[in-house]
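Report on one structure; see the data block that follows.
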Amino acid sequence: MRLRRALARIGQMLRKEFIQTLRDPHTRLVLIIPPIIQMVIFGYAATLEVRHVPLAVLDLDHTQESRDLISRFSASQYFDLKEEASQPDQISRGIERGDFLMALRINSGFAQRLRNGQGAVVQVIVDASNSNTALVGLGYLNQIGARFAQDYEANRMERTAPQLASFLPQVQLEARPWFNENLNSQWFFVPGVIGNLMLIMVMTLTAFAVVREREIGTLEQIMVTPIRRWEFIAGKTVPFFLIGCFDTALLALIGSFWFGVPFRGHVTVLMLGAMTFLLSALGLGLLISTFSATQQQAMVVAFFFILPAVTLSGFGTPIASMPRFFQHLSYLNPLTYVILILRSVYLKGVGLEVLWPSILYLAAFSLLMLAVAVLRFRKSLD
Amino acid sequence: MSLRRILAMMRKEVIQIRRDRSSLLIILVMPLVQLFIFGYAVNLDIKHVPLCVYDQDSTQTSQDLLKRFQATDYFNIVRVADNYRDVVYDINQGVCTVAVVVPSRFSETLRSGGHAKVQALLDASDNNSASIGMGYAQAIVQNYSSAVQLRWLQRRGLMLGPPAVTFQPRTWFNENLKSSDDFVPGVVALVMAVIGAFLTSLTIAREWERGTMEQLISTPVGKLEIQIGKLVPYFVIGIADTAICAGAAVWWFEVPFRGSWIVMLGGSVLFLITVLSLGYFISVVGKSQLTASQIALLATFLPAFLLSGFIFPIDQMPLIVRWITRLLPARYYVSILRNVFLKGAPVEMMAGQLAALAVIALVVTALSTRTFHKRLQ
């Protein structure tokens with residue numbers, strides 16, 4: 001009997017909450033349009049791939065060999081040959097202006113040194129103001145150089161000692177990228193974006209909903225009704241949980257059908273992970289609402305949490321290359337686990353046998369957050 | 001326009017900000033926290049890639065090769081497997097990102113002058129780490145291969161010269177390829193965009209929602225006076241944040257500062273005016289604080305984080321996205337900051353960026369002034 005009455009009260013609260021949230025056409029759009037826009041822009045913009053690095057060359061040697069080396073760069077998809085300079089200051093000025101990011105300088109005598117077997121040096125200027133692009137670009141450069149050297153040596157040996165050349169031992173690396181065979185950047189980022197958007201949406205919405213009542217003064221009105229605190233909280237959070245589920249499904253569909261990210265795992269595993277994570281985000285939002293008197297304050301506190309959470313989640317950079325201290329922080333962060341789950345389910349297709357610790361952590365985290373929030377909420381009303 | 005009314009409006013806004021001590025504290029501390037996390041934790045220079053090795057050959061030769069993996073900073077051997085199933089399990093589990101499998105008869109093949117293949121299995125779900133890890137592995141194997149060849153030729157009394165071509169790179173602007181050097185200027189822009197637009201995006205919506213707008217309307221204060229009075233206090237906060245960030249960047253992270261203070265100040269002022277006006281505009285249009293905050297998120301945080309070239313290089317984006325970035329103030333501001341900190345390019349070279357920022361600032365300010373009407377709906 002008591003339970004039924006409690007459920008009836010929660011039902012009323014739910015109705016009020018749905019009416020309030022969905023009444024305003026602005027808000028209705030805000031719940032759907034921004035996540036979609038963010039997803040699409042994120043999906044296209046977030047790439048750490050480095051292709052078509054603008055390149056300039058200064059060839060002071062003008063030989064068959066130097067032209068062969070340059071043609072390897074212009075044929076590669078990693079570099080775009082922008083300019084064949086004739087003066088040294090042309091390349092330095094171009095780098096300063098940002099017209100190209102790399103410049104090769106082949107001094108005269110390059111071919112001569114090669115033929116003498118002395119080893120030739122090519123000078124390279126790199127604009128390293130973006131250190132990632134510079135690093136990856138240097139990697140490509142060395143690959144092309146090593147290939148050139150190998151071919152040159154093989155060629156020479158072929159000519160001087162053909163009987164030896166065919167017996168020269170060699171070790172080759174046969175790389176097999178699993179889960180993302182073409183090293184597609186979108187496949188990596190899109191599942192992570194879903195996790196980020198879930199956190200940002202649900203956390204801010206929940207925090208705002210509770211604080212708004214307090215700010216406008218309607219919270220007191222609710223508190224004089226027979227509704228109990230946990231019923232109030234349940235009524236407040238369930239709509240956002242449902243909206244969160246809806247948005248997650250929408251984002252997951254965009255990921256699969258718009259960006260073509262393969263879905264190799266089980267929907268149920270994804271749902272388990274997503275739901276425990278949504279509850280964690282709800283709990284965090286509620287917790288923030290107990291700290292904040294105004295919506296502006298809630299926004300500031302939420303972002304104080306969101307920015308580090310996104311950075312320390314393995315979303316953009318691997319946790320393994322962070323300093324130890326930040327690795328520990330990353331493993332406290334619920335976003336880390338949901339991104340792990342999303343990527344594993346999408347790309348690796350693994351199931352609960354691998355992912356259960358992550359889901360368990362999220363469940364425990366959400367329980368803890370909700371419990372602390374309910375306790376603090378009681379206090380904050382008195 | 002009356003200075004007295006503007007000052008009164010500003011006083012009201014300052015009191016409101018001051019009353020909320022904790023927010024003010026967060027606003028001043030957040031940039032530093034961000035700076036520290038980005039400066040220390042975000043490192044695209046990938047090292048210590050977790051590696052699993054499986055040596056099917058178990059000879060001196062194969063161990064020599066694996067020792068080379070152990071000796072570098074780039075890999076951390078986390079597991080020595082003795083069957084293929086463990087290797088697969090580790091990659092699925094995410095215990096290791098790369099697994100190197102040396103086939104049986106590896107040393108035999110090499111001794112007889114054949115071509116031996118070493119397998120590298122990569123968890124490529126993180127495509128960037130995978131391709132960088134692959135590059136490292138390739139380099140190690142290639143070096144090993146040359147060493148084997150050299151020994152083989154020496155035993156037959158032949159000499160092999162030094163490698164035919166080596167590159168001598170000189171990195172400009174960020175000589176040691178420190179990630180923090182190029183992130184830190186970006187963080188300044190990110191923090192300013194977030195703080196600037198978030199705080200102001202709620203100021204007008206809040207007045208509507210609480211019903212205090214009616215009180216404001218009944219006073220003689222004009223709409224331009226409201227706008228100036230509301231934005232100036234936040235402008236001061238924004239400038240203070242920029243100064244804190246720039247100071248920490250230069251003195252703590254030792255990011256070089258090679259350009260002129262004037263350009264930095266000019267760019268910051270223009271950028272702040274733009275984001276503050278944008279927040280104000282959103283606040284007028286959004287009506288409720290919930291709507292306003294969600295729009296602000298979309299209009300400021302996202303472009304500053306994603307589309308400004310701060311982390312993700314703009315020239316790698318699809319053409320349409322590249323065109324969109326041309327409309328965004330964050331893009332110009334990040335480029336100005338990079339120049340001022342790292343490149344130290346002359347002011348003339350920055351003129352285009354500054355002009356673009358000025359135009360955007362003008363348009364946004366005009367737009368925000370025009371949309372706000374001092375009357376009840």
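The values are calculated or read from the model by the stated rules, or taken from the named source; none is laboratory data. Owing to the predicted nature of the structure, the values given are computational and were not obtained by experimental measurement. Quick reminder, even Gly has a Cβ in these numbers, built from the backbone with ideal geometry, and neighbours come from all protein chains shown.
Which count do you get for residues in the stretch B:352-377 that are surrounded by fewer than 16 Cβ atoms within 10 Å (Cβ to Cβ) and among the small types (Gly, Ala, Ser)?
3
Within the group B:273, B:262, B:295, which residue is within 8 Å of another protein chain (Cβ to nearest Cβ) and touching a residue at least 12 places away in the same chain (Cβ under 8 Å)?
None of the others qualify; the one that does is B:295.
What number of residues within the stretch A:110-145 are in a helix (DSSP H, G or I), touching a helix residue (DSSP H, G or I) at 6+ places or on another chain (Cβ under 6 Å) and either within 7 Å of another protein chain (Cβ to nearest Cβ) or within 30 Å of residue B:313 (Cα to Cα) (or both)?
Count: 4.
Identify, please: which residue in the stretch B:307-324 is more than 9 Å from chain A (Cβ to nearest Cβ) and not charged (D, E, K, R) and is, among those, surrounded by the fewest Cβ atoms within 10 Å (Cβ to Cβ)?
B:319
Residues being under 17 Å from residue B:120 (Cβ atoms) and either at the interface with chain A (Cβ under 10 Å from one of its Cβ atoms) or touching a helix residue (DSSP H, G or I) at 6+ places or on another chain (Cβ under 7 Å) (or both): count how many of those fall in the stretch B:49-62.
Residues meeting the conditions: 9.
Residue A:61 versus (1) in contact with a strand residue (DSSP E or B) (Cβ under 9 Å, 6 or more places away or on another chain); (2) at pLDDT below 85; (3) more than 30 Å from residue B:349 (Cα to Cα); (4) more than 10 Å from every other protein chain (Cβ to nearest Cβ): which is the lone unmet condition?
Residue A:61 satisfies all of (1) in contact with a strand residue (DSSP E or B) (Cβ under 9 Å, 6 or more places away or on another chain); (2) at pLDDT below 85; (3) more than 30 Å from residue B:349 (Cα to Cα); (4) more than 10 Å from every other protein chain (Cβ to nearest Cβ) except (2).
Restricting to the stretch B:325-361, count the residues that are more than 8 Å from chain A (Cβ to nearest Cβ), part of a helix (DSSP H, G or I) and either hydrophobic (A, V, I, L, M, F, W, C) or farther than 30 Å from residue B:43 by Cβ (or both).
19
Is at least one residue of the stretch B:82-99 among the basic types (Lys, Arg) and either surrounded by 18 or more Cβ atoms within 10 Å (Cβ to Cβ) or within 11 Å of chain A (Cβ to nearest Cβ) (or both)?
Scanning the stretch B:82-99, I find no residue that is among the basic types (Lys, Arg) and either surrounded by 18 or more Cβ atoms within 10 Å (Cβ to Cβ) or within 11 Å of chain A (Cβ to nearest Cβ) (or both), so the answer is no.
Before we move on, is residue A:157 within 12 Å of chain B (Cβ to nearest Cβ), part of a helix (DSSP H, G or I) and among the aliphatic types (A, V, I, L, M)?
Yes, satisfied.
Checking residue A:289 against (1) assigned to a loop (DSSP other than H, G, I, E, B); (2) over 30 Å from residue B:132 (Cβ atoms), which single condition isn't satisfied?
(1)
Quick check on residue B:242: is it at pLDDT 80 or above, of a type in the set (Val, Ile, Thr) and crowded, with 18+ Cβ neighbours inside 10 Å?
The answer is yes for residue B:242.
Go through (1) touching a residue at least 12 places away in the same chain (Cβ under 8 Å); (2) surrounded by fewer than 23 Cβ atoms within 10 Å (Cβ to Cβ); (3) among the hydrophobic types (A, V, I, L, M, F, W, C); (4) more than 27 Å from residue A:35 (Cα to Cα) one by one and return the number of the condition residue B:349 breaks.
(1)
Can you say whether residue A:321 is of a type in the set (Ser, Thr, Tyr) and in contact with a helix residue (DSSP H, G or I) (Cβ under 7 Å, 6 or more places away or on another chain), as far as the supplied structure shows?
no
Mind checking which pairs have a first residue in the stretch B:365-377 that is assigned to a loop (DSSP other than H, G, I, E, B) and a second that is at pLDDT 80 or above, Cβ under 6 Å, 6 or more apart or different chains?
Note: pairs meeting the criteria are B:372/B:223; B:372/B:284; B:374/B:217; B:374/B:223.
Results for (1) modelled with pLDDT under 90; (2) assigned by TED's automatic domain parsing to the domain that holds residue B:121; (3) at positive phi; (4) aliphatic (A, V, I, L, M), shown as yes or no for each residue.
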residue	(1), (2), (3), (4)
B:20	yes, no, no, no
B:55	no, yes, no, no
B:89	yes, yes, no, no
B:99	no, yes, no, yes
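Being β-branched (Val, Ile, Thr), surrounded by 16 or more Cβ atoms within 10 Å (Cβ to Cβ), part of a helix (DSSP H, G or I) and modelled with pLDDT of 90 or more: is that true of residue A:248 here?
When the stated conditions are applied, residue A:248 passes them.
Residues of the stretch B:229-249 being β-branched (Val, Ile, Thr) and touching a residue at least 24 places away in the same chain (Cβ under 8 Å), which ones?
B:232, B:237, B:239, B:242, B:244
Do we find a residue being surrounded by 19 or more Cβ atoms within 10 Å (Cβ to Cβ) and facing chain B (nearest Cβ under 7 Å) anywhere in the stretch A:161-169?
Scanning the stretch A:161-169 turns up no residue that is surrounded by 19 or more Cβ atoms within 10 Å (Cβ to Cβ) and facing chain B (nearest Cβ under 7 Å).
Could you count how many residues in the stretch B:278-314 are under 24 Å from the mean Cα position of the chain (by Cα) and not β-branched (Val, Ile, Thr)?
Residues meeting the conditions: 20.
Assigned to a helix (DSSP H, G or I), surrounded by 18 or more Cβ atoms within 10 Å (Cβ to Cβ), out of contact with any strand residue (DSSP E or B) (no Cβ under 9 Å at 6 or more places or on another chain) and hydrophobic (A, V, I, L, M, F, W, C): is that true of residue B:304 in this structure?
Criteria met by residue B:304.
Could you tell me whether residue A:204 is closer than 30 Å to residue A:336 by Cβ and of a type in the set (Ser, Thr, Tyr)?
When the stated conditions are applied, residue A:204 passes them.
Counting just the residues of the stretch A:204-245 that are of a type in the set (Phe, Trp, Tyr) and buried (at least 22 other Cβ atoms within 10 Å of the Cβ), which one comes out modelled with the highest pLDDT?
Among residues in the stretch A:204-245 that are of a type in the set (Phe, Trp, Tyr) and buried (at least 22 other Cβ atoms within 10 Å of the Cβ), the one modelled with the highest pLDDT is A:240.
Out of B:75, B:36, B:106, which single residue is surrounded by 15 or more Cβ atoms within 10 Å (Cβ to Cβ), hydrophobic (A, V, I, L, M, F, W, C), at the interface with another protein chain (Cβ under 10 Å from one of its Cβ atoms) and closer than 30 Å to residue B:181 by Cα?
After ruling out the rest, the residue left standing is B:36.
Identify, by number, the condition in (1) within 25 Å of residue A:351 (Cα to Cα); (2) buried (at least 20 other Cβ atoms within 10 Å of the Cβ); (3) within 12 Å of chain B (Cβ to nearest Cβ) that residue A:273 doesn't meet.
(3)
When the stretch A:280-309 is examined, which residues are found to be at the interface with chain B (Cβ under 8 Å from one of its Cβ atoms), in contact (Cβ under 8 Å) with a residue 24 or more places away in the chain and among the β-branched types (Val, Ile, Thr)?
The answer is A:294, A:301.
For the stretch A:144-156, check the following and say yes or no: at least one residue is free of Cβ contacts under 8 Å to residues at least 40 places away in the same chain and either crowded, with 24+ Cβ neighbours inside 10 Å or outside the structural domain of residue A:69 (by TED's automatic domain parsing) (or both).
no
Could you check the stretch A:333-382 and list, in sequence order, the residues that are among the charged types (D, E, K, R) and either surrounded by fewer than 19 Cβ atoms within 10 Å (Cβ to Cβ) or outside any helix (DSSP H, G or I) (or both)?
A:353, A:376, A:378, A:379, A:382 - these are the residues of the stretch A:333-382 that are among the charged types (D, E, K, R) and either surrounded by fewer than 19 Cβ atoms within 10 Å (Cβ to Cβ) or outside any helix (DSSP H, G or I) (or both).
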